[in-house]
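One structure is given here, and the rest of the page talks about it.
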Amino acid sequence: MEFGEEKQPIIIVKKSGGHGGHHGGAWKVAYADFVTALMAFFLVMWLVNQSQVIKDNVQGYFNDPSGFKKKSGQSILQGGSSILKAPAPPKPQPEQPQGTRKQLEETGEKIMSALRGMPNFETLKDHVEIEMTPEGLRIQLIESAEKDQDSSYFFDIGSAKLSRYGIDILDAISIELGKLSNRIVIEGHTDSKQYAYQDKYSNWELSADRANSARKLMETKGLKEGQVAELRGYAANLPKYTDDPTDQRNRRIALLVLEKFP
């Protein structure tokens with residue numbers, strides 16, 4: 001090299017043997033996004049299966065966190081109460097005890113006392129029977145015993161329509177029986193005389209329809225919903241006067257207030 005000649009710079013290029021320069025940390029960001037999305041998915045699936053109360057609370061919190069906290073006094077950032085805590089189930093109410101045998105006897109006396117205060121009860125007193133049986137309190141409304149005419153006190157003749165007497169008496173009975181929790185069975189009975197339209201409507205239908213008419217009225221006058229346990233239509237199969245199945249006194253409805261019900 002001659003004196004005064006300018007030197008050329010020497011450039012050294014080093015090549016890296018790794019691949020980090022191509023990707024860096026971008027995969028970590030993508031993974032974090034994936035985990036976040038997965039967590040959000042599971043939270044949504046969990047929330048879908050919660051009660052409406054919890055859904056409303058969650059919505060209220062995220063719409064206005066500070067306002068919700070002031071209003072409800074709850075926070076998801078503190079221990080204790082939480083908006084995600086399901087409300088406690090209501091405590092079952094203790095079942096009301098059924099009237100005892102003595103209470104049923106007292107109820108029978110109250111019913112008879114109420115009936116005695118009704119106008120025209122002197123005419124009907126022989127047609128109302130109240131007695132205690134092994135099953136419970138039995139109340140019977142028994143039709144006329146007149147032989148010379150076809151008469152009926154509590155229902156229209158050959159019909160399930162209650163008469164004025166029938167409505168008044170069942171009204172008074174319903175008020176007292178509604179004070180009990182005992183279940184009630186209502187029976188319909190007829191005499192053995194054949195119904196005029198037996199091919200279309202027989203004593204079976206008549207006895208059952210009369211029991212149902214009594215139920216409908218009594219449930220509007222004082223009986224509790226569901227207090228009537230059964231309706232029974234016996235037609236003429238259980239006559240009160242077995243020596244004369246045609247006796248009009250076999251026509252009756254019976255209310256059996258059960259001392260015990262399985």
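Bear in mind these aren't lab numbers, they're just calculated from the coordinates by the rules spelled out. These numbers were taken from a predicted model, which means no experiment stands behind them. Because the Cβ atoms are built from the backbone with ideal geometry, glycine has one as well, and the counts that use them run over all protein chains shown.
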For this session: Would you mind putting 247-253, 200-206 in packing order, based on average other-beta-carbon counts within 10 Å, highest first?
Result: 247-253, 200-206
For this session: Based on the mean of other Cβ atoms within 10 Å per residue, sort peptides 118-126, 234-242 so the most packed one is first.
Result: 234-242, 118-126
